[in-house]
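Accompanying notes for the structure given below.
The values are calculated or read from the model by the stated rules, or taken from the named source; none is laboratory data. Predicted model, so just to flag it, every value in this text is computed and none were measured. A quick note on method: Cβ atoms are made from the backbone with ideal geometry, for glycine too, and the neighbour counts reach across all protein chains shown.
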Amino acid sequence: MWIPCSRKSPLRSSRLAWVAVFVALALAVGGVAHAGALAVVAHPSVEVDDLSFNEFRKIMLADRQFWSTGKRITLIVRAPVAIERTQLLDKVYKMTEAQYRQYWVAKVFRGEATDGPRVVLSNEKAVDLVSVVVGAITVVDSADVPEGLKLLRIDGSLPGDPDYPFH
């Protein structure tokens, strides 16, 4: 039931406060639903600045397991359902979640890889791990890339560029 109130009524102020809260929540939820461009980041010691999309795909598939300097590449991926993992599955692996899991079981079983990617629950954990594991690489929301990590170009493009593969 709507109760009329005067301009200076505490009830009117209360309504305005609730409207402000709902608007703020709607904006916050909307911001989470629309993730920004994803960024490919690596440990600062990685001597590569730019990868072709095909090179990046070979790295993520563990078809290439060492950087040109001989350092082992450590893959770090987000847990299932994360937008970063979904985009990797769609654009890089071109697999479903079930196919991805089977791929890594088979790759390790055949001895083609010592282990699968390390799985983390958040972008914060991903960048924390990349910052301490020499040779590590991951994909995170570009807004979550801290200073000190190496932001890699893909086919010469960075997040936000029109030709960048992860939007």
Kindly check whether there is at least one residue in the range 9-22 that is at pLDDT below 95, exposed (fewer than 12 other Cβ atoms within 10 Å of the Cβ) and under 21 Å from the mean Cα position of the chain (by Cα).
no
Hey, could you check the range 150-167 for residues that are modelled with pLDDT of 95 or more and touching a helix residue (DSSP H, G or I) at 6+ places or on another chain (Cβ under 6 Å) and say which is surrounded by the most Cβ atoms within 10 Å (Cβ to Cβ)?
Ile154
Could you tell me whether the range 48-55 includes any residue that is modelled with pLDDT of 95 or more and closer than 19 Å to Gly116 by Cβ?
no
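Within the range 69-80, identify whether any single residue is within 24 Å of Pro162 (Cβ to Cβ), in contact with a helix residue (DSSP H, G or I) (Cβ under 8 Å, 6 or more places away or on another chain) and either of a type outside the set (Gly, Ala, Ser) or surrounded by 15 or more Cβ atoms within 10 Å (Cβ to Cβ) (or both), and answer yes or no. Reasoning before the result, please.
As a first pass, look at the range 69-80 and keep what is within 24 Å of Pro162 (Cβ to Cβ): none.
No, every residue in the range 69-80 fails to be within 24 Å of Pro162 (Cβ to Cβ), in contact with a helix residue (DSSP H, G or I) (Cβ under 8 Å, 6 or more places away or on another chain) and either of a type outside the set (Gly, Ala, Ser) or surrounded by 15 or more Cβ atoms within 10 Å (Cβ to Cβ) (or both).
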Filter the range 88-118 down to residues that are β-branched (Val, Ile, Thr) and touching a helix residue (DSSP H, G or I) at 6+ places or on another chain (Cβ under 9 Å) and give me whichever is modelled with the lowest pLDDT.
Thr114
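Rundown of residues vs (1) within 17 Å of Leu152 (Cα to Cα); (2) among the small types (Gly, Ala, Ser); (3) in a helix (DSSP H, G or I); (4) out of contact with any strand residue (DSSP E or B) (no Cβ under 6 Å at 6 or more places or on another chain), yes/no style:
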| site | (1), (2), (3), (4) |
| --- | --- |
| Lys58 | yes, no, yes, yes |
| Asp63 | no, no, no, yes |
| Gly70 | no, yes, no, yes |
| Leu75 | yes, no, no, yes |
| Pro80 | no, no, no, yes |
| Thr86 | no, no, yes, yes |
| Val92 | yes, no, yes, yes |
Checking the structure you have, find out if any residue of the range 151-160 is in contact with a Leu (Cβ under 8 Å, 6 or more places away or on another chain) and of a type in the set (Lys, Arg).
yes
When both residues are 6+ apart or on different chains and their Cβ atoms are under 6 Å apart, which pairs have a first residue that lies in the range 99-124 and is within 29 Å of Val145 (Cα to Cα), and a second that is among the hydroxyl-bearing types (Ser, Thr, Tyr) and modelled with pLDDT of 95 or more?
Tyr100/Tyr93
